[in-house]
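What follows is one structure encoded as structure tokens, with my remarks underneath.
The numbers here are math on the coordinates, done by the rules we state, and not lab data. As the structure is a prediction and not an experimental result, all values here were calculated from the model. Here Cβ is always computed from backbone atoms with ideal geometry, including for glycine, and neighbour counts include all displayed protein chains.
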Amino acid sequence: RNGAGMMARPLPLLAGSLSRPPRLRPGDRVGVFAPSLPIAAHYPDRLAQGLAALARTLAVEVVPAGHIHDPGRGFLAGSPAARARIFEDMVRDPSIRAIFCTLGGFNSAEILPHLDVDLLRTAPKILVGYSDATALLLGVQALAGWVTFHGPAVMTQFGEHPEPMPWTLDSLRQAIAGDTTGIRL
């Protein structure tokens with residue numbers, strides 16, 4: 001049952017191997033998405049710092065979803081269906097090679113029943129987040145077979161003052177843009 005007491009539709013789980021998305025390259029476009037909390041709208045300076053650090057440290061063009069600037073409704077950066085559509089728009093856009101989460105929260109799992117699994121299976125992308133976004137990462141992995149990345153969020157790690165920690169950036173670069181042969185975790 002979902003939060004409204006209605007039965008949620010069953011989600012088809014994917015059996016088999018995982019699809020690793022293409023490596024991130026300098027100049028690629030990276031989407032930024034709020035899977036749960038609208039916290040970025042309440043801390044615009046930290047958001048700006050995080051977006052700038054993401055662009056600078058990975059040498060990418062950052063494409064923030066419009067909803068990250070909206071204060072939302074309490075703890076929601078939009079309805080579950082709206083957040084799912086925003087995520088799917090980034091998946092559909094062939095110019096966006098990676099999707100980073102602004103932050104976690106406690107309700108990213110709500111979007112999973114609203115995702116078009118067939119769409120997700122056609123275009124694996126780099127998906128990076130942590131905290132509650134882990135539910136989204138694992139859901140997309142189970143439903144669509146993507147390799148996903150538990151890693152730095154825009155507001156917290158990339159928004160650190162004065163810069164993100166070098167070890168965090170080096171590890172992230174190696175995982176999403178480098179040669180992962182023999183990667184040490």
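Just a few scattered comments:
- Three semi-axes describe the equivalent ellipsoid of the range 31-140; taken as square roots of 5 times the Cα gyration tensor eigenvalues and ordered largest first, they are 20, 18, 11 Å.
- DSSP-assigned coil residues among trypsin sites (Lys or Arg not before Pro) in the range 96-185, each with at most 15 further Cβ atoms within 10 Å: Arg184
- Dividing the helix sum by the residues of the chain, where each DSSP H run of 4 or more adds -39500 (n - 2.57), gives a mean residue ellipticity at 222 nm of -9500 deg cm²/dmol.
- The chain: C-alpha gyration tensor shape, a/c 1.5 cut-off, then a/b vs b/c: oblate
- Here the Karplus curve 6.51 cos²θ - 1.76 cosθ + 1.60, taken at θ = phi - 60°, turns the phi angles of the range 99-109 into couplings of 10, 10, 8, 5, 6, x, x, 9, 9, 6, 5 Hz, with x standing for Gly and Pro.
- Length-normalised contact order for the chain - Cα pairs under 8 Å, 6+ apart - percent: 29
- For the range 99-167, convex hull of alpha carbons as volume per residue, Å³: 78
- Cα gyration tensor shape for the range 76-120, rounded if a/c is under 1.5, else prolate or oblate: oblate
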